[in-house]
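Accompanying notes for the structure given below.
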Amino acid sequence: MHERRYSGDIGRLRSPERQTLLEVERVVELCLDGIVPKNMLDVGTGSGLFASRFADQGLEISGIDVDPQMIITAEQYIPEGSFKIGMAELIPFDDAAFDLVFMGLVWHETDDRLKALQEVKRTARIRVAILEWPYKESLVGPPLSDRINIKDVEGFSRTVGFKTIESLELTNTVLYRMDL
């Protein structure tokens with residue numbers, strides 16, 4: 001299970017260069033645009049990079065990751081957060097437990113993309129936001145064969161039953177906002 005997962009240096013996930021590349025502040029701003037969430041779930045939280053920015057906005061933070069070392073690292077950066085070992089295809093939280101559910105550069109690594117999307121929708125109350133690499137060859141991110149094209153994103157979103165889906169292109173990534 002989970003053959004595709006990050007296997008590099010955890011410290012690199014929080015480097016200033018990566019934060020700039022991923023436009024972390026802008027992504028958080030766009031995820032929150034138009035809603036006033038009280039809590040959020042960071043699926044595939046990694047080192048807690050995005051979760052810590054959401055915490056800075058006053059949100060109650062929960063996160064899951066398949067890698068126990070990532071959970072330990074996230075807890076160091078967000079000691080007030082609630083972190084569990086878990087995978088996107090089987091999220092260990094109740095239905096509609098979170099106002100916002102976020103996946104940052106994780107969806108392309110899941111074993112079952114449709115199941116993962118069903119799970120993030122199940123646990124969300126207001127919005128799901130998914131940051132992914134654009135479907136084009138690039139010097140950063142995974143190979144094209146691991147990326148998700150917009151037609152698949154739209155198809156999965158319709159199948160799962162989101163009311164709206166919005167695609168926002170950033171410099172190096174794409175943010176999909178899906179409202180319930």
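Can you list residues whose amide H is under 5 Å from Ala96's amide H, if they're 5+ apart or on another chain and H is modeled 1.01 Å from N?
Thr123, Ala124
Using just the helices of the chain, give the 222 nm mean residue ellipticity in deg cm²/dmol: DSSP H runs with n ≥ 4 each add -39,500 (n - 2.57), and the total is spread over all residues, rounded to 500.
Result for the chain: -8500 deg cm²/dmol, rounded to the nearest 500.
Expressed as a rounded percentage, what relative contact order does the range 10-179 have, with Cα pairs under 8 Å and six or more residues apart?
Normalised by residue count, the contact order of the range 10-179 is 18 percent.
At q = 0.08, 0.21 Å⁻¹, what log₁₀ I(q)/I(0) does a Debye calculation on the Cα points of the range 10-179 give, no solvent, two decimals?
The computed values of log10 I(q)/I(0) come out as -0.20, -1.69.
Read phi for every residue in the range 15-31 and hand back ³J(HN,Hα) as whole Hz from Karplus 6.51 cos²θ - 1.76 cosθ + 1.60, θ = phi - 60°, with x for Gly and Pro.
Calculated HN-Hα couplings, in order: 5, x, 5, 5, 4, 5, 4, 8, 6, 3, 4, 5, 4, 4, 4, 5, 5 Hz.
Looking at the range 10-179, what % of its DSSP beta bridges pair antiparallel, to the nearest 5?
Close to 40 percent.
How large is the charge dipole for the chain, taken about the Cα centre, if only the Cβ atoms of Lys, Arg (+1) and Asp, Glu (-1) carry charge, to the nearest 20 debye?
280
If one computes the Cα centroid of the range 137-180 and of the range 67-84, what distance in Å separates the two points?
Centre-to-centre distance over Cα atoms comes out at 27 Å.
Under 16 Å from a point placed 7 Å out from the Cα of Ile72 along the Cα-to-Cβ direction: which residues of the range 42-56 have their backbone N that close?
46-48
Taking a cut-off of 25 Å between Cα atoms, list the lysines near Lys136, but don't count ones fewer than 8 places away on the same chain.
Qualifying lysines at Cα under 25 Å: Lys115, Lys151.
Readers should treat all values here as calculations from the given coordinates under stated rules, not as data from a laboratory. Quick caveat, the model's predicted, so the values are computed rather than measured. Every residue, glycine among them, receives a Cβ derived from its backbone with ideal geometry; neighbour counts consider all protein chains shown.
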